Amino acid sequence: FWLRGCPGHSPTVSMASMAATKEAPHMGMEARLPRTPAGQTKSKNSQIWKGFVQGSVGAAIGGACAHPLDLIKVRMQLQAEGTKLNMLQMGPHIVRNEGPLGLFKGVDASMARQLVYSGVRFGMYDMLKGFCGESQRPLTTIEKVLCAAAAGATGAFAGNPGDLAMVRMQADGKLPPEQRRGYRNIFDAVGKIARQEGVLSMWRTGVVPNMNRATIITVGQLAAYDTCKELFVDYLGMKEGVQLHLSSSFGAAFIASVMSNPVDVAKTRLMNQRSEEGKPLLYKSTVQTMTTIVQQEGPLALYKGFAATFARQCPYVVITWVTVERLKKIMKDW
C-alpha cells in the first residue's frame, strides 16, 4: 500500500519492473542458442563446408595420436587360438618384433581415412541437424541419434577403401612373412587392392560391417557428445570451455566404446580374412561373424580388445573434439 502513497508513482510500471527483475527460468544449452527467424536462411557462419573441414582436421590429428592404441586393438581382436596377449603385453610384443615404428604401421592410411570418413560424418551431422530445424528449436535426443546414425553410415561408405587398407596394413605384421601383403603406404595398398581384387572390392569387402560400426560409433561420438555437453551445462553448471569439452568427450568415448566393440571385432575379422580358391569364407556378414565368434570363442570374445578400444577412444575423441571446438571458434567469422 505504501507504493500507492508515493507521489508520481505508477503502479503499472512498478509491477512490470518487479517482474523483469525475477530470475529467468533455466534453459538447456540448445534452448539458449540463437535461432534463425522463420523464413530466413542461416548466416555464412553456419556454412556446411566448415563441418567437413573441422571434422577432417580434428579427426586426422586425433587418429594419428591414437594410432598405436588402435593398432594394438586390431592385433588383440585378431587373436583366436593359442596364447592371448593383453593390451599391456601386446604393445611391447609389437615393438620387440617389429621395432618402435611397428606401432605406426598404417598411420598414413588412418589419416587419409579420417580426412574422408570423419569429414563426411561431421559435415553430414551438421547438415542433417539443420534439415531437422536446429536453427528454430532444440532437437530431441532421438533426432540427434538419427542424424548421427545417417552421417556415420554415409561417412563409412565414403571412407571404406582407406579403412580396408588401414586394417590390412595394421594386421600385416601378425601374419607369417610369406603371407604378408607388404603394402608400402596408403596409395600402394589401394592400388594393389584395385588391381588384384577389383575396384569394387574396396566396397564389397567389409563395407556393411564398417557402416554398421560407424552408425553405432557416430551416435556415441557425436550425438552422445552433444547430450553429455547439455547435461553437464544444465545439471553441473559447467561453462563453455576446455573443461566442458574434455568431460563431454570422455563420456562420449566410453559410450562409443561399449556400443561399438562387438561390431568392431566383426569388422576386423571380415576385413582381414583371406579368400582362398575352393574354400568358403568363414565370415560372411556382420551378424554371422558375431554368431560364429560367440559359438566358437564365447560371448566375451565380442569384447576382445575393449581395454584397447576404450584407451584408444579416449585420446582420439578428446583430441578430435577439442580440436573441432577450437576450429569452430577460429572459423566462426569466416
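The values are calculated or read from the model by the stated rules, or taken from the named source; none is laboratory data. Keep in mind that what you see is a predicted model, and the values were worked out from it rather than measured. Positions of Cβ are backbone-derived with ideal geometry, glycine not excepted, and every protein chain shown enters the neighbour counts. When the accessible area is computed, the model is the full protein with side chains, heavy atoms only, and any ligands, DNA or RNA have been set aside. Shrake-Rupley method; radii C 1.70, N 1.55, O 1.52, S 1.80 Å.
Rounded to the nearest 20, the Cβ-based charge dipole of the stretch 74-163 about its Cα centre (Lys and Arg +1, Asp and Glu -1) stands at 140 debye. Here the Karplus relation 6.51 cos²θ - 1.76 cosθ + 1.60, evaluated at θ = phi - 60°, turns the backbone of the stretch 191-207 into coupling constants of x, 5, 4, 5, 6, 7, 10, x, 4, 5, 5, 5, 10, 6, 7, x, 5 Hz, with x for every Gly and Pro.
Residues whose amide H falls under 5 Å from that of M238, counting only those 5 or more places apart or on a different chain, are V233, with hydrogens built in the peptide plane. Per-residue surface analysis assigns W203 an accessible area of about 80 Å², computed on protein heavy atoms at 1.4 Å probe radius. The stretch 140-182 and the stretch 203-279 have Cα centres spaced 12 Å apart. Residues F52, F232, F250 ordered from highest to lowest accessible area at a 1.4 Å probe: F250, F52, F232. One chain, two ends: F157 and C65. Fully extended at 0.36 nm per residue, the span grows by 30.7 nm beyond their Cα-Cα distance. When the solvent-accessible area of the stretch 60-169 is split by element, carbon and sulfur atoms take up 71 percent of it, the probe being 1.4 Å. Phi angles across the stretch 60-70 convert, under the Karplus curve 6.51 cos²θ - 1.76 cosθ + 1.60 with θ = phi - 60°, into 3J(HN,Hα) values of 5, 5, x, x, 5, 5, 9, 4, x, 5, 5 Hz, Gly and Pro given as x. Here the extension length gained between T141 and I48 equals 31.3 nm, from 0.36 nm per residue of separation less the Cα-Cα distance. Stokes-Einstein diffusion of the stretch 129-209 at 4 °C, 1.567 mPa s viscosity, Kirkwood radius from Cα pairs, rounded to a whole number: 86 µm²/s. Largest first, the extents of the alpha carbon coordinates of the stretch 187-297 on the three principal axes equal 63, 38, 15 Å. Between the beta carbons of Y303 and E276, assuming R0 = 35 Å, the FRET efficiency works out to 0.75 to the nearest 0.05. Percent of C-alpha pairs per 5 Å bin in the stretch 109-265, short distances first: 2, 10, 15, 18, 18, 13, 10, 7, 5, 3, 1, 0, 0. Pairs over the 19 Å Cα-Cα cut-off, from the set K144/K267; K229/K329; K84/K105: K144/K267; K84/K105. Between R195 and N86, what FRET efficiency follows from the Cβ-Cβ distance if R0 is 56 Å, with the result rounded to 0.05? Efficiency at R0 = 56 Å is approximately 0.90. Our coupling estimate for the stretch 171-177, obtained by passing each phi through the Karplus curve with A = 6.51, B = -1.76, C = 1.60 and θ = phi - 60°, is 7, 4, x, 7, 7, x, x Hz, Gly and Pro reported as x.
Looking at the stretch 55-196, the accessible area is 42 square angstrom per residue; that uses a 1.4 Å probe and ignores ligands, DNA and RNA.
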